[in-house]
Amino acid sequence: MDFDKAREIMVDSQIRPDDVTDPPIVSAFLRTPREVFVPNSRKGVAYSEMEITTSPGRALWTPRDTAKLIKLAGIKPTDVVLVVGAGAGYEAALISHLADTVIALDETEALVEAMSQRFAAIGIDRAAPVAGPLAKGLPEQAPFDVIYVAGMIEEMPQAWAGQLRDGGRLVAVMAGPGGMGRGKVFTKAGETLASREGFDACPPRFSAFDRKPTFSF
């Protein structure tokens, strides 16, 4: 399979038509081999308009949803970015072409080691995989200019907001009624977060951040 050609077709048919035409973002997608981040059995569909499970609880979103959330983040070349729930590392690899530094956070050493190997194989040197609890973020490396959440969530841990630099942005797809989500950007101003909605999406969710049920009598 000609992965280079498939990558170009993905950009021209799934990303540009959905209003993601920013040259740096388009370039990042063209430079990042998506097939490296999927299981061997799924490489043939790496550039299809579909979600691909990469490990238990982790998946690549559709290229369209990933591109739109990255655009919503407004990443600048000087930014330090934390990717929460980085999984296979695809989003962190993409963002490494846009930012100064990317920290790819996930929960297990196995995921972190696999990310490290992938990044080394394709020459990604601005993304550093780190293991730790997702809900705690990475306070020792804060503050961040951008926090990118790589799974749909219902509730946002307070720790993440506290790790944003003033003027920093957190982007996530927030789950709503019926399972549909809405891509949002939260911008920190002093002690508050102002939110702005972006686009509809229904990517794989991080169930650990589902809203806890309440009981009434």
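For semi-axes √(5λ) of the Cα gyration tensor in Å, the choices are (i) 29, 17, 17; (ii) 26, 19, 18; (iii) 33, 19, 15; which was calculated from the structure? Checked against the structure: label (ii). Of the residues Thr78, Thr66, the one with the largest accessible area comes first in the ranking Thr78, Thr66, computed with a 1.4 Å probe on protein heavy atoms. Distance from the alpha carbon centroid of segment 178-195 to that of segment 20-84 works out to 21 angstrom. Of the peptides 128-137, 18-27, 190-199, the ranking by mean beta-carbon count within 10 Å, highest at the top, reads 128-137, 18-27, 190-199. Given a 10 angstrom Cα cut-off, can you work out which residue in Pro204, Pro17, Pro177 is the most mobile in a GNM of the chain? With Cα springs under 10 Å in the chain, the top fluctuation among Pro204, Pro17, Pro177 is at Pro177. Within the listed set Pro56, Pro157, Pro77, the Gaussian network model of the chain (springs between alpha-carbon atoms below 10 Å) gives the highest mean-square fluctuation for Pro56. Of all the options Ser116, Ser48, Ser207, the one that moves most in a Gaussian network model of the chain with Cα springs shorter than 10 angstrom is Ser207. Among the lysines of segment 64-199, pairs at least eight places apart or on separate chains and with Cα atoms under 17 Å apart come to 4.
Packing order of peptides 141-150, 162-171, highest average first: 141-150, 162-171 (average count of other Cβ atoms within 10 Å over each peptide's residues).
The values are calculated or read from the model by the stated rules, or taken from the named source; none is laboratory data. Computed from a predicted structure; not experimentally measured. Counting neighbours? That spans all protein chains shown, and the Cβs are built from the backbone with ideal geometry, glycine included. Side chains are part of the model used for accessible areas, which takes the heavy atoms of the whole protein and leaves out ligands, DNA and RNA. Shrake-Rupley method; radii C 1.70, N 1.55, O 1.52, S 1.80 Å.
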